[in-house]
Amino acid sequence: MSEQAKRIGDTLLRVEGITLSFGGVRALNDVSFEIKEHEILAIIGPNGAGKSSMLNVINGFYHPQEGTISFKGRERKRMRPYVAAKQGIARTFQNIALFKGMSTLDNIMTGRMLKMKRNFLWQALYWGPALKEEIENREFCEKVIDFLEIQAIRKTPVGRLPYGLQKRVELGRALAAEPEILLLDEPMAGMNVEEKEDMCRFILDVNDEFGTTIALIEHDMGVVMDISDRVVVLDYGRKIADGTPDAVRADQQVIDAYLGVSH
Amino acid sequence: MIYREAGQFKSSYGADQAIFPILQDRIAVAIMLAIAVVVIPLVAGPYWLETILVPFLVFSMAAIGLNLLTGYCGQLSLGTGGFMACGAFFAYKLSTAFPELHIVLVFLLSGLGTAFVGILFGIPSLRIKGFYLAVATLAAQFFLVWMFNKFPWWNNYSPSGVISAPPRAVFGDFYLTGTQATPEIKYLFLLAFVSVMALLAKNLTRSRIGRSWMAIRDMDIAAEIIGIRPLFAKLSAFAISSFYIGISGALWAFVYTGSVEALAFDINRSFQVLFMIIVGGLGSILGSFLGAAFIVLMPIFLSNAPAALGLHISVELVSHMEFMIFGALIIFFLIVEPSGLARLWQIGKEKLRLWPFPY
Ligand SMILES: Nc1ncnc2c1ncn2[C@@H]1O[C@H](COP(=O)(O)OP(=O)(O)O)[C@@H](O)[C@H]1O
Ligand SMILES: [Mg+2]
């Protein structure tokens, strides 16, 4: 943990005054925080607090009514998700969003989409530069597959995989893009203890080996306290605390709003 | 014990990515090609070549085109007939306006023209999906056939509204169209042309663009978040699909029937090709061929089988039976095996790989 703390750099992403409503429902209300380079930030809060909505705002899937987001110093108000992807923002979903009809390998190769440049005429020939590109990217994806220890299911259609493995493949697909920031929406939800431990290890290793900045939503407080450098707490669309795990755990407002209620 | 991949280790990702990674498959494909090129033209009579193999190859082309759009990219289209009509009439206008243009170039250019029409009618797919998109493509179907029927410019003011392919040679004296064309040349030309086009389609589906289509098909929201632009993915699928379907329409008019009117490409044609890919296998190039073979062969089988068994069934009943069997099969494939005959073929191969030890 201390070694990680040393690596943490400047602000990579800053959200400021984000307000997002759906009709009458205010999912987010004037929320501001920042994510620093190389850190692991946990976003916690009760169900319906607006956590998933926050990630959706960051990667351009929802457009907030108010507020701005600056990523790598560039400020923006609206953008399409694929532009966010191009700038280096990757994510996984609370309800797995894999390409069910495709194999594990194809899912991960699809995650590498933006690294491939050859036009469709070359692809139709599948030869020369296009073949070279395909093989080079396959090699990278194989590294991701080795890293996540999913070699055995490489060619299996992901629709047939158990839940825990699907979550892992989804992480692989996000990693294949070599993102600068990785947004994980409840990566451990519905997993057993062993699967959770594996997933924690993968997240820490990604952060450690590739220096990827990570923002994750998690309910398991044990996990949050263990792996995150900093914690942001949301409640009813507002930010109620922001600090180190220990500081947040001691915060009276957090205890009242969140830790106090069992769930 | 014969069909084994044991001992065949793939030492590179390139080898692993091959279409036929198993040696026995490659041998089988080579043998099949040899039969198709050498044996069939020798033993098959003109009836077989002209009424079965030629339409089979033309339909395969159309089925590949529709499969790229519907099977791979998930965009349901009922406009196949209309796009085939585009190909046929574009080819007719091109070959009569520029008689010196090589016939293969005529086919490719009419495919290109159809691709643009496909993009145009694909634009609604950016907003609507599934059933509603199908209705929009249905509008394309009716509009296109109406247009080719309505304006005599398209058939060079022929009083019957029928277009007849002018005689053209692939090279030298080898006439592909017109009265001098022989069934053998038609068949061999189509075999080569459709095989190459199928290979290119297969390559697309195992490359980046094919993966972007499948991603849009399986979950468009996640696809966009990965960096796939839905606009580009969908319109490229419409374009390339229409390119194939347009060429198949040109082949239909020029090589298969020789003369045709716009009504040959009505809504029934669209459904026929759609049934091919459902029965053959959505999202499979091999399935496009299997489906085309099935739908070309089945009516012939049905009209001959009862007689061969000594039964006397009226022609009317046969055509009713055809509908019933199609209906049943389509329901079967949609519900039980959406990946079609291609999947059954694969399951068969997997079983064979383990045979005779099932565990
Ligand atoms: N697409 C949407 N349409 C309407 N309401 C939404 C939508 N997404 C989220 N919400 C609402 O916003 C609030 C926050 O939801 P969410 O961000 O999913 O919370 P969390 O992830 O913290 O559980 C909830 O009240 C939810 O009903
Ligand atoms: Mg959520």
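Laboratory data are not the source of any read-out in this text; all were calculated from the coordinates shown. Keep in mind that this is a model prediction, so the values were computed, not measured. Here the Cβ positions follow ideal geometry from the backbone for every residue, glycine too, while neighbour counts run over all protein chains shown.
Quick notes on this structure:
Table: residues versus (1) closer than 26 Å to B:Ile240 by Cα; (2) more than 14 Å from chain A (Cβ to nearest Cβ); (3) in a helix (DSSP H, G or I).
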site	(1), (2), (3)
B:Tyr157	no, yes, no
B:Pro167	no, yes, no
B:Phe193	yes, yes, yes
B:Ala201	yes, no, yes
B:Arg217	yes, no, yes
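- For region B:22-132, the helices (runs of 4 or more DSSP H) that sit wholly inside it and include 3 or more residues that are in contact with a helix residue (DSSP H, G or I) (Cβ under 6 Å, 6 or more places away or on another chain) are B:54-66, B:80-97, B:103-122.
- A:Ala174 vs. criteria under 20 Å from A:Arg91 (Cα atoms) and not in a helix (DSSP H, G or I): no
- In region A:48-97, the residues that are within 12 Å of the chain's Cα centre (by Cα) and away from ligand 1 (no atom under 16 Å from the Cβ): A:Ala85, A:Gly88, A:Ile89, A:Ala90
- Evaluation of A:Asp30 against the conditions (1) under 25 Å from A:Val224 (Cα atoms); (2) away from ligand 2 (no atom under 16 Å from the Cβ); (3) within 20 Å of the chain's Cα centre (by Cα); (4) surrounded by fewer than 22 Cβ atoms within 10 Å (Cβ to Cβ) shows that the sole unmet condition is (3).
- Filtered by the rule that a residue be among the hydroxyl-bearing types (Ser, Thr, Tyr) and within 20 Å of B:Arg168 (Cβ to Cβ), region B:256-276 gives B:Tyr256, B:Thr257, B:Ser259.
- The set of residues in region B:287-303 being buried (at least 19 other Cβ atoms within 10 Å of the Cβ) and more than 14 Å from chain A (Cβ to nearest Cβ) consists of B:Ser288, B:Phe289, B:Leu290, B:Gly291, B:Ala292, B:Ala293, B:Phe294, B:Ile295, B:Val296.
- A Cβ distance below 6 Å, combined with a sequence gap of six or more or placement on separate chains, defines the contacts here; from region B:12-28, residues that are away from chain A (no Cβ under 14 Å) reach residues that are of a type in the set (S, T, N, Q) in the pairs B:Leu23/B:Gln8.
- Among the residues of region B:253-279, those identified as in a helix (DSSP H, G or I) and within 20 Å of B:Gly178 (Cβ to Cβ) are B:Ala253, B:Phe254, B:Val255, B:Tyr256, B:Thr257, B:Ala264.
- Of all the listed residues (B:Ala223, B:Ala250, B:Ala239), the sole one being part of a helix (DSSP H, G or I) and under 30 Å from A:Thr92 (Cβ atoms) is B:Ala223.
- Checking each residue of region A:52-70 against the condition of being crowded, with 19+ Cβ neighbours inside 10 Å, more than 9 Å from chain B (Cβ to nearest Cβ) and more than 16 Å from ligand 2 (Cβ to nearest atom) gives at least one match.
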